Each structure stands twice: as C-alpha cells, then as structure tokens.
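I have placed the structure first, in the form of structure tokens, so that the comments after it can refer back to it.
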Amino acid sequence: MAKYVDSESRAEDNYSSAWTLTIVGIIGTILMILVFAGVIPFPVKGLGKYLIQAVLSLFCVVFLFSGILSFKKGKAYTKEATVENAQKKRIIDWCNEVQITSKIDGVIVEQGEQIAEMPQEELFFKRSELLKRAVFTQFQDMGYEYLDHITDELYDSLFED
C-alpha cells in the first residue's frame, strides 16, 4: 500500500529541489559563459572541445529549466496544502463537535466488549476502523490513502491518554 505524503511535504521537497537545480544551473551557466569568452581555459582542443562545451551548456540549461518547473510545482503543492489543512481542520472540528470518541467507545461497548479489559492493540484496531468509517461517511471526498493518514493523526490526538 502506498504511503500518503501530504502536499506540505511535497511542496518543501519541490522547493528544496528547485533551489538546488537553479543554483547549479546558474553557476554552470556562468562558468560556461566564462569558458566561451576565454576567461577560463578549456584543456580540450579541436572538435571535442566544442562538443563537450555544448553538452555542458545544455546540462546547465536543463538544470535551470528543471529548477523553474520545480518552483511552479512547489507553488501548486502549497495551494493544495492550504486546501488539505482546511479539510483537516473541518474533520477535527466535526470530531470534537459530535464527540466521536465517546460514540466510538459506545459502539465497542454495545458490541459486548469491555474497553478496560481489551488489549491495547485490539482496542486500537477497533477504534481506528470505526473512526475511518465515521470520517469517510461524513467526508466522502477523500482518497483511501488520505483517509488512512488523517485517521492515524486523529487517533493520536483523540485517544491519547
């Protein structure tokens, strides 16, 4: 199963990559301009010299272009993160409003289970499953990976003793 990576983390990764690629591209481009201008000597002679310079220049341009694209992707992920955080806040507010912890524990007791006598692992799985069902029933516009991610975070904040 794929692990969910939130948009905020994706944005940070893209911005980090964008800065690295852009800086390397700029430095490389400056160096290649200095080589073409003859300020920095290039040790290769003949046709190979021009071929190597062309390939290195192309790499620099590709790095710059990739850096710019990573900045754009980072900006898009930042917007997605805003939407995700708003949805997460709505879910948390809803859970607190309907007192989901007492409802979930009530369902477990109705099934004939004694919460105090249950092993913590079994209690965790029962509560998690009921929490997922409740959240998905209320907020059906999310993928399964995000549902897993958000309910794991919710569980920690709701059921931590």
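Couple of notes before you dig in:
- Complete set of residues in region 92-101 that are open to solvent by 50 Å² or more (accessible area, probe 1.4 Å), under 12 Å from Leu154 (Cβ atoms) and free of Cβ contacts under 8 Å to residues at least 60 places away in the same chain: Asp93, Asn96
- All told, Thr151 falls short of being loosely packed, with under 11 Cβ neighbours inside 10 Å and on the phi < 0 side of the Ramachandran plot.
- Residue check, Phe71 of a type in the set (Phe, Trp, Tyr) and out of contact with any Phe, Trp or Tyr (no Cβ under 9 Å at 6 or more places or on another chain): no
- Restricting attention to region 14-28, the residues being surrounded by 15 or more Cβ atoms within 10 Å (Cβ to Cβ) and under 29 Å from Glu84 (Cβ atoms) number 6.
- Residues in region 1-13 that are open to solvent by 90 Å² or more (accessible area, probe 1.4 Å), modelled with pLDDT under 90 and either closer than 23 Å to Leu58 by Cβ or not hydrophobic (A, V, I, L, M, F, W, C) (or both): Lys3 alone.
- Residues satisfying the stated conditions in region 109-129, i.e. open to solvent by less than 90 Å² (accessible area, probe 1.4 Å) and either over 34 Å from the mean Cα position of the chain (by Cα) or closer than 13 Å to Leu158 by Cα (or both): Val109, Gly112, Glu113, Ile115, Met118, Phe124, Arg127, Ser128
- Just one of the numbered conditions (1) hydrophobic (A, V, I, L, M, F, W, C); (2) at pLDDT 85 or above; (3) within 24 Å of the chain's Cα centre (by Cα) is not true of Phe59: (3).
- Pairs are defined by a Cβ separation below 9 Å, a sequence spacing of at least 6 or placement on different chains, a first member in region 74-91 that is farther than 10 Å from Glu8 by Cα, and a second member that is part of a helix (DSSP H, G or I) and open to solvent by 80 Å² or more (accessible area, probe 1.4 Å); the pairs so defined are Ile91/Gln138.
- Scanning region 1-56 for residues that are in a helix (DSSP H, G or I) and within 16 Å of the chain's Cα centre (by Cα) turns up Ser7, Glu8, Ser9, Arg10, Ala11, Glu12, Asp13, Asn14, Tyr15, Ser16, Ser17, Ala18.
- Search result, residues across region 67-84 that are hydroxyl-bearing (Ser, Thr, Tyr) and buried (at least 17 other Cβ atoms within 10 Å of the Cβ): Ser70, Tyr77
- Where helices (runs of 4 or more DSSP H) fall entirely within region 99-159, those with at least 1 residues that are more than 28 Å from Ala81 (Cβ to Cβ) and among the charged types (D, E, K, R) are at 100-110, 120-138.
- Only one of the numbered conditions (1) free of Cβ contacts under 8 Å to residues at least 24 places away in the same chain; (2) closer than 30 Å to Gly25 by Cβ; (3) charged (D, E, K, R) is not met by Lys126, and that is (2).
- Scanning region 29-66 for residues that are surrounded by fewer than 16 Cβ atoms within 10 Å (Cβ to Cβ), aromatic (Phe, Trp, Tyr) and within 18 Å of Trp19 (Cα to Cα) turns up Phe59, Phe65.
The values are calculated or read from the model by the stated rules, or taken from the named source; none is laboratory data. It should be emphasised that the depicted structure is a prediction, and the values quoted were computed from it without experimental measurement. All Cβ positions, glycine included, derive from the backbone under ideal geometry; neighbour counts span all protein chains shown. Accessible surface areas use protein heavy atoms only, side chains included; no ligands, DNA or RNA. Shrake-Rupley method; radii C 1.70, N 1.55, O 1.52, S 1.80 Å.
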